[in-house]
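One structure below.
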Amino acid sequence: MRYTLYLGCVIPAKELNYELSTKKVFEKLGIELKYLENFVCCGFPFESISEETWLRMASYNLALAENIGNDIVTMCNGCANSLIHANKIIKEDKEKREEINKFLTEKFNLSVSGKLNIKHIIHVLYNDVGLERIKENVKNNLNGLRFAVHVGCHIVRPSSYMNFDNPIEPEKMDELIEVTGAESVNYITKHLCCGNYARGINDKVSITLLRRKLEELKDLNVDALVTICPACYLQYEMGQLELRMKEKINLNIPVLHYPQVLGLALGIPVSELGFDQNKIKPKKILEQFK
Amino acid sequence: MILSLKLEDELKKLNSTLCYQCGTCTGTCPVARVEERFNPRRIIDKIKLYGIDSVLNNEEIWYCVECFICMEKCPQNVKITEIFFKLYEEVIKRGIKKPRKYVGLVKAIYSTGVSTGAYGGKPEAFSGLILKKREKMGLPKPVVKEEVAKTIIESTGLNKILED
């Protein structure tokens, strides 16, 4: 298995623990990742305010990857959503495809056909590697650890083009946690949006949504919240630091990227999974794997 | 007016007129749960009754977090989130409002190719500090082609949002 890695904006700057742990896990599972060079933003932030800008940005990145030929993998829900959506339009809408190609050829001497599959790492792990092969590779059973998963919105919705898992109550992340031997804890606010997107528009909404989930998790005494999206991760980790500073609310719930959890189960040393970058330390876990 | 008619046609294609006001959207909306001023059902109703001009100046339309859950659950297949996107596009095209969040995003992506620097500080894709940290962790330097983003943003006129 070989993929082109589309890095996106947030991860390579702020979540190096996500990038590193993904790299290590993929290496361990024998999946080759080749970084896409000369990329730009996937266009996701523009989908809501300028459809044309979004489609052009996404198509440019898709065209670059088509020249290399391998399917694309990304670690971000937003990038996956944006690129999958754009790719579907390019594949299915002849008129739009011709319009885009006229633009790409003229400006960048590139063209796009929609021939690649675009995947989030979760698609690769669940569909391509599969639970069984993951299970065969588990070296450390994580039995005894209790995780709360947060899947995020854009990896499952809109289902018309995301088409992965139940769009209202997704379950595949639970399976990916449980294959490591750990428990995926059920909780009321499990499918509640993280609120990151309200930042800069209505910060109160953003903080309230964040608190709803984290306060429930505090009572449930989980070992960590596990995410697969850089925006959700940032919201839950930085949001807790903000609550501590501004409102003296100390929740102290570690937030982990899923590949950090899987990496532990696959026997990758803690020092290679970027835990030094997690701002809220998962003490119990680090003790256990010292 | 002609502009509004064309947009209203587009909204019709997103099934705006099929809404029968059941309120599933508002009932399922995470924002409406914590912010009573936000009511997607009412916004769709206003569009149906009075046309889109009646909501474009509305501060609340920007409260949507784009989680798509209302769209997923709507029994009439009204593309609610996508209707909001059309409203945003129109507000920005007409220069009615320039939301701080989006100005920041456009500015960062326009000047650096990526959104990394969108939230505070000087727009910069990857600072020396980040690059050093990456190197230490054995991660390669990200290769971004910033001028591409500039060309694309100028090609659609979205850079106008940056003008005073």
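The values are calculated or read from the model by the stated rules, or taken from the named source; none is laboratory data. Not measured: the values here are computed from a predicted model. All Cβ positions, even for glycine, are placed from backbone atoms using ideal geometry, and neighbour counts span all protein chains on display.
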Test: residue B:130 is out of contact with any strand residue (DSSP E or B) (no Cβ under 8 Å at 6 or more places or on another chain) and modelled with pLDDT under 95: yes
Residue list for region B:82-103, filter: over 17 Å from residue B:51 (Cα atoms) and without any contact (Cβ under 8 Å) to a residue 60 or more places away in the chain: B:93, B:97, B:99, B:100, B:101, B:102, B:103
Pair list, Cβ under 6 Å, 6 or more apart: region A:248-261 residue within 19 Å of residue A:273 (Cβ to Cβ), other residue in a helix (DSSP H, G or I) and hydroxyl-bearing (Ser, Thr, Tyr): A:255/A:233; A:255/A:236; A:257/A:18; A:257/A:21; A:259/A:21; A:259/A:22; A:260/A:21
Region A:11-23 residues that are more than 7 Å from chain B (Cβ to nearest Cβ), paired with ones that are hydrophobic (A, V, I, L, M, F, W, C) and outside any helix (DSSP H, G or I) (beta carbon under 7 Å, 6 or more apart): A:11/A:75; A:11/A:76; A:18/A:75; A:21/A:273; A:22/A:75; A:23/A:33
Pair list, Cβ under 9 Å, 6 or more apart: region B:139-151 residue free of Cβ contacts under 8 Å to residues at least 24 places away in the same chain and at the interface with chain A (Cβ under 7 Å from one of its Cβ atoms), other residue surrounded by fewer than 16 Cβ atoms within 10 Å (Cβ to Cβ) and assigned to a helix (DSSP H, G or I): B:139/B:133; B:151/A:107
Residues that are crowded, with 16+ Cβ neighbours inside 10 Å and more than 27 Å from residue B:162 (Cα to Cα), drawn from region B:49-66: B:51
Top-ranked residue of region A:236-258 - restricted to ones that are touching a strand residue (DSSP E or B) at 6+ places or on another chain (Cβ under 9 Å) and not in a loop (DSSP other than H, G, I, E, B), ranked as surrounded by the fewest Cβ atoms within 10 Å (Cβ to Cβ): A:237
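Per-residue answers, yes or no, for (1) crowded, with 24+ Cβ neighbours inside 10 Å; (2) outside the structural domain of residue A:259 (by TED's automatic domain parsing); (3) within 17 Å of residue B:148 (Cα to Cα):
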{"site": "A:18", "(1), (2), (3)": "yes, yes, no"}
{"site": "A:21", "(1), (2), (3)": "yes, yes, no"}
{"site": "A:24", "(1), (2), (3)": "no, yes, no"}
{"site": "A:27", "(1), (2), (3)": "no, yes, no"}
{"site": "A:39", "(1), (2), (3)": "yes, yes, yes"}
{"site": "A:53", "(1), (2), (3)": "yes, yes, yes"}
{"site": "A:56", "(1), (2), (3)": "yes, yes, yes"}
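Rundown of residues vs (1) of a type in the set (Gly, Ala, Ser); (2) under 30 Å from residue A:37 (Cβ atoms), yes/no style:
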site	(1), (2)
B:55	no, no
B:87	no, no
B:92	no, no
B:107	no, yes
B:115	yes, yes
B:143	no, yes
Conditions (1) surrounded by fewer than 21 Cβ atoms within 10 Å (Cβ to Cβ); (2) in the same structural domain as residue A:264 (by TED's automatic domain parsing): number failed by residue A:145: (1)
Residue within region A:92-113 that is more than 14 Å from every other protein chain (Cβ to nearest Cβ), within 25 Å of the chain's Cα centre (by Cα) and at pLDDT 95 or above present: no
The lone exception for residue A:43 - which of (1) more than 7 Å from chain B (Cβ to nearest Cβ); (2) of a type outside the set (Ser, Thr, Tyr); (3) under 18 Å from residue A:66 (Cβ atoms); (4) surrounded by fewer than 24 Cβ atoms within 10 Å (Cβ to Cβ) it fails: (4)
Top-ranked residue in region A:259-290 [being among the aliphatic types (A, V, I, L, M) and part of a helix (DSSP H, G or I); ranked as nearest to residue B:130 (Cα to Cα)]: A:270
Selection count where residues are out of contact with any Asp or Glu (no Cβ under 9 Å at 6 or more places or on another chain) and not in a helix (DSSP H, G or I), scope region A:194-221: 6
Number of the exception - residue B:95 against (1) more than 17 Å from the chain's Cα centre (by Cα); (2) surrounded by fewer than 16 Cβ atoms within 10 Å (Cβ to Cβ); (3) of a type in the set (Gly, Ala, Ser): (1)
Subset tally (residues that are closer than 15 Å to residue B:71 by Cα and not polar (S, T, N, Q)) for region B:26-41: 7
Filter pass, residue A:220 being under 29 Å from residue A:126 (Cβ atoms) and surrounded by 18 or more Cβ atoms within 10 Å (Cβ to Cβ): no
